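The values are calculated or read from the model by the stated rules, or taken from the named source; none is laboratory data. For clarity, every value in this text was computed on a predicted model and none was experimentally measured. Here the Cβ positions follow ideal geometry from the backbone for every residue, glycine too, while neighbour counts run over all protein chains shown. Each accessible area value is taken on the protein alone, full model and side chains, heavy atoms only, with ligands, DNA and RNA left out. Shrake-Rupley method; radii C 1.70, N 1.55, O 1.52, S 1.80 Å.
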Amino acid sequence: MITLFQNKITERLRKSAPYNEIFRRIAQKRFPIEIEGPHGLFLAILVSHLKNALKGSTLVVAPNEQEAESLYRDLLLFDGDVSFFPGWGTAPY
């Protein structure tokens, strides 16, 4: 069921100019890419697509732990290779 949903969303996204611009920048290696605005399950779909396009590790920084945990749970629907680092007790070095 989630696969059908994801396929329909992906089909619509590929018709979107802003979405295509993000992936053009990736192909041209024009970094950094900052994306603001998407939230909820749409953000998880976008992050999943970005991770697949970049073919490597991807770091997503959320404004607070609650949003980070919510995104983590959403990402697990699309990709099992996801880690969550809580804000407390995580040293930056």
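From the set of residues in region 1-51 that are assigned to a helix (DSSP H, G or I) and open to solvent by 100 Å² or more (accessible area, probe 1.4 Å), which is nearest to LEU77 (Cα to Cα)? It would help to see each step written out before you state the result.
Filtering region 1-51 down to residues assigned to a helix (DSSP H, G or I) leaves 2-13, 17-27, 40-51.
Filter once more, keeping what is open to solvent by 100 Å² or more (accessible area, probe 1.4 Å): 4, 8, 11-12, 24.
Values: LEU4: 13, LYS8: 16, GLU11: 18, ARG12: 19, ARG24: 26 Å.
Top of the filtered list is LEU4.
Name the single residue, out of those in region 27-42 being modelled with pLDDT under 90 and hydrophobic (A, V, I, L, M, F, W, C), that is farthest from the chain's Cα centre (by Cα).
Looking at the filtered set, the residue picked out is PHE31.
Any idea how many residues of region 59-69 are part of a loop (DSSP other than H, G, I, E, B) and surrounded by 14 or more Cβ atoms within 10 Å (Cβ to Cβ)?
So the first thing to find is which residues in region 59-69 are part of a loop (DSSP other than H, G, I, E, B), and the list is 59-64.
Then drop every residue that is not surrounded by 14 or more Cβ atoms within 10 Å (Cβ to Cβ), which leaves 60, 62.
So the count comes out to 2.
Do the conditions hold for VAL82, that is, is it in contact (Cβ under 8 Å) with a residue 12 or more places away in the chain and either surrounded by 10 or more Cβ atoms within 10 Å (Cβ to Cβ) or in a loop (DSSP other than H, G, I, E, B) (or both)? So that I can check it myself, show each step before the final result.
Values: in contact (Cβ under 8 Å) with a residue 12 or more places away in the chain: no; either surrounded by 10 or more Cβ atoms within 10 Å (Cβ to Cβ) or in a loop (DSSP other than H, G, I, E, B) (or both): yes.
In short, no.
State all residues of region 26-45 that are in contact (Cβ under 8 Å) with a residue 24 or more places away in the chain and either within 15 Å of THR58 (Cβ to Cβ) or of a type in the set (D, E, K, R) (or both); if no residue qualifies, say none.
Answer for region 26-45, where residues must be in contact (Cβ under 8 Å) with a residue 24 or more places away in the chain and either within 15 Å of THR58 (Cβ to Cβ) or of a type in the set (D, E, K, R) (or both): ILE26, LEU43, ALA44, ILE45.
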